[in-house]
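Here's the structure, in structure tokens; my notes come after.
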Ligand code: SF4
């Protein structure tokens, strides 16, 4: 049994794994210890670069494998690295099914890669930028991803925001864009964290009004909501607090007309047949004001 | 009127349009340039409302004043609702503000008909032009196209927008005549034709200006008239074939304030809408024809999905040997999607397929079991009558209670 210590990055793991493969170490002969936080193996863990390579050893792997391993390595769990090495080991011996979703290892690998992609998508979707300064010059966001995906999102937001500077802070790291260059800072400095968590948005009411109105209470469907927008994200979304209120409203009768609660019973305007130049304010508009039906 | 008030009214007026897609646009980027916004081809749902629908775009009407009297519509002129109108600048401001906060990926702008079709279309185009030209906005824009608008205006709309849509509203011309007296099936299809021609011209000149690169879509209202699912799906199929539509959306008619008496005062038929989307997916992604799914018209079954219904009606084709069959036929097996059909074909190049492979791929194994053969499995139910199988495989009653 060989304990391999490395700094927890994919690049370092890749170099160590290469040594292990060349030395002919089978998956059950290797234990992976990542990062300085792991104390238990300190006495024994070591890098693998002193392993003797087997004479004439070399290996080939499918071209798509490194990218897939790198993606799956971003999945946070206890045994992150041992699965990766098992797949690499099998693939290096010509067993291509180790990558496929129909294989026990392959299905686990694919599932982790998929979860990472999904979490990146969540980050693209649910990050909420709040403006700093008046007029707004910078935008900051606080987000809690379940996997190590922040780095992957930098390019997306750089393309999206153009010259506008932004910062995304997470419990682990912060990503920064000054309008021209990007940086990933890990761990996230406490002052940045505080800035991202406390920024207030004077225009938040506009978004909430939109969210309330675009919802159709006649179609209320809690399960579908939870599937699209897992509850763990609600606390950092401005609309998070409106969700329960809207669902309760729907149950208590808002679903009868589907109209947003704020509009129900408000004075309306029927429009006469002869109307022309409507709402353009030319005075030819014929509308009948109805009395406010609200009690 | 305050901006926030207008927004409340004009979002409420827009929510009956089901489409909120932001996918299919070409890759655009603002990195290292002035302006704002990007598109990647993939849509993003920035939020979900408690009806489970995705919020991808700022979906609003420019105004809910309308000269028309479409009976199913909350904005019809005889409807007693608060009315409002945005200025184009207000729409631009809201779009950019929401976009910077990462609340939306763009704008879906529609409008009631004011003054004339041309005037209304001009207003919509003006917003898109402001966004694209003055603010160098590169996010997603979806514009509603007003039937009868000047083809030149539609052409300009296509230059600015990623997607254009004209709603057919009702599956039949008779339905339209009865419920939307000012609308004509012919002018709706003409507008679709103008868009289609614009797309084709742009494709022939790859270096020229783009034209609605995310294509066109439409929407049909379900349950406002008596059309059955067969009619609806055949209409959809004709539109897919004739105009290369990217999507047909189905919108269960949802009660509106003071619904006219000629319309049903019922909860929206959500399960029926769900089955139509499933059937539509089979038309677009699986090569099914409407006539295969509903050979004698009528409605789709509510208790089982349309693929299972088709398989039960075509037992002679099953069971399918997964180690031998064409991938296209494997994709027609209930419980196995196109993606998994492709994965199975990949896997069987490495080794023989076994029953456990279906479980590992997370196919709906219970549904698939009576219809497949693997190296280690042959269905005992292959001799069961379809009626018995149907009893066994129907969706849980919990799912039937969407309302
Ligand atoms: S034209 Fe018809 S469907 Fe469109 S807003 Fe006016 S009444 Fe509604």
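Just so it is clear, none of the values below were taken in a lab; they were calculated from the coordinates. Computed from a predicted model, the values in this text were never measured in an experiment. Counting neighbours? That spans all protein chains shown, and the Cβs are built from the backbone with ideal geometry, glycine included.
Just to be sure I follow: if Rg is taken over the C-alpha atoms of segment B:66-183 and Rh is the Kirkwood radius over the same atoms, what is Rg/Rh? Write down the numbers at each step before the final one.
Details: Rg = 15.2 Å, Rh = 15.3 Å.
The Rg/Rh ratio comes out at 0.99.
Kirkwood hydrodynamic radius of segment B:306-395 from all distinct Cα pairs, in Å? Present the calculation step by step, with values, prior to reporting the outcome.
Values: mean 1/r = 0.0771 Å⁻¹.
Answer for segment B:306-395: a Kirkwood hydrodynamic radius of 13.0 Å.
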Enter the angle in degrees (range 0 to 90, nearest 10) between the Cα long axis of helix B:185-204 and the first principal axis of the Cα atoms of chain B, meaning the one along which they spread out most. 80
Could you tell me whether segment A:128-198 comes out rounded, prolate or oblate from its Cα gyration tensor? Rule is a ≥ b ≥ c as square roots of the eigenvalues, rounded for a/c under 1.5, then prolate if a/b exceeds b/c, otherwise oblate. oblate
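When you count, for each residue, the other Cβ atoms within 10 Å and take the mean per peptide, how do A:211-218, B:2-9 rank with the highest first?
Numbers: A:211-218: 24.8, B:2-9: 19.1.
Those peptides, ordered most packed to least, come out A:211-218, B:2-9.
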Summarise the long-distance tail of P(r) for chain A by giving the % of C-alpha pairs beyond 30 Å. 54
Order these by the 10 Å Cβ neighbour count, fewest first: A:134, B:205. A:134, B:205
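Reported to two decimal places, what Rg/Rh ratio describes chain B when computed on Cα atoms with Rh from the Kirkwood expression? Walk me through the intermediate numbers first.
On the way: Rg = 23.3 Å, Rh = 23.1 Å.
With Rg and the Kirkwood Rh in hand, the quotient comes to 1.01.
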Expressed in nm², what is the orientationally averaged projection area of the convex hull enclosing the Cα positions of segment A:2-118? 7.2
Checked segment A:184-232 against the a/c 1.5 cut and the a/b vs b/c comparison, axes a ≥ b ≥ c from its Cα gyration tensor; verdict oblate
The rounded separation in angstrom of the Cα centers of segment B:8-45 and segment A:81-157 is 23
Measure nothing but the geometry: give the 0 to 90° angle between the long axis through the Cα atoms of B:88-100 and the longest principal axis through the Cα atoms of chain B, rounded to 10°. 50
Given a Förster distance of 30 Å, report the FRET efficiency between residue A:267 and residue B:172 from their Cβ-Cβ distance, rounded to the nearest 0.05. 0.25
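So what is the relative contact order for segment B:1-109, in percent, with contacts set as C-alpha pairs under 8 Å and at least six apart?
Details: 158 pairs, mean separation 32.1, N = 109.
Relative contact order for segment B:1-109 comes out at 29 percent.
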Taking chain A as a Gaussian network, Cα atoms linked when under 10 Å apart, which of A:202, A:230, A:135 shows the biggest mean-square fluctuation? A:135
Please report how far the C-alpha centroid of segment A:185-264 lies from that of segment B:178-252, rounded to the nearest whole angstrom. 33
Sort B:373, A:4 so the one with the fewest other Cβ atoms within 10 Å of its own Cβ comes first. B:373, A:4
Taking only Cα atoms, what is the 0 to 90° angle, nearest 10, from helix B:229-243's long axis to the longest principal axis of chain B? 70
Counting only C-alpha contacts under 8 Å and six or more residues apart, can you give the relative contact order of segment A:58-149 as a whole percent? 26
Label-point separation in nm, residue B:289 to residue A:18, each point 7 Å along Cα→Cβ: 5.7
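Evaluate Rg over Rh across segment A:204-279, taking Cα atoms for both radii and Kirkwood's formula for Rh. Please list the in-between numbers first.
Numbers: Rg = 15.9 Å, Rh = 14.4 Å.
Dividing the radius of gyration by the Kirkwood radius yields 1.11.
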For chain B, calculate the relative contact order in percent as a whole number, restricting contacts to Cα pairs under 8 Å that are 6 or more residues apart. 11
What shape does the protein assembly as shown have by the C-alpha gyration tensor, where a ≥ b ≥ c are the square roots of the eigenvalues, rounded means a/c under 1.5, and otherwise prolate means a/b greater than b/c and oblate the rest? oblate
Ranked A:144, B:199, B:90, criterion: other C-beta atoms within 10 Å, fewest first: A:144, B:90, B:199
Using a Gaussian network model of chain B whose springs link C-alpha atoms within less than 10 Å, name the residue from B:161, B:212, B:331 with the highest mean-square fluctuation. B:331
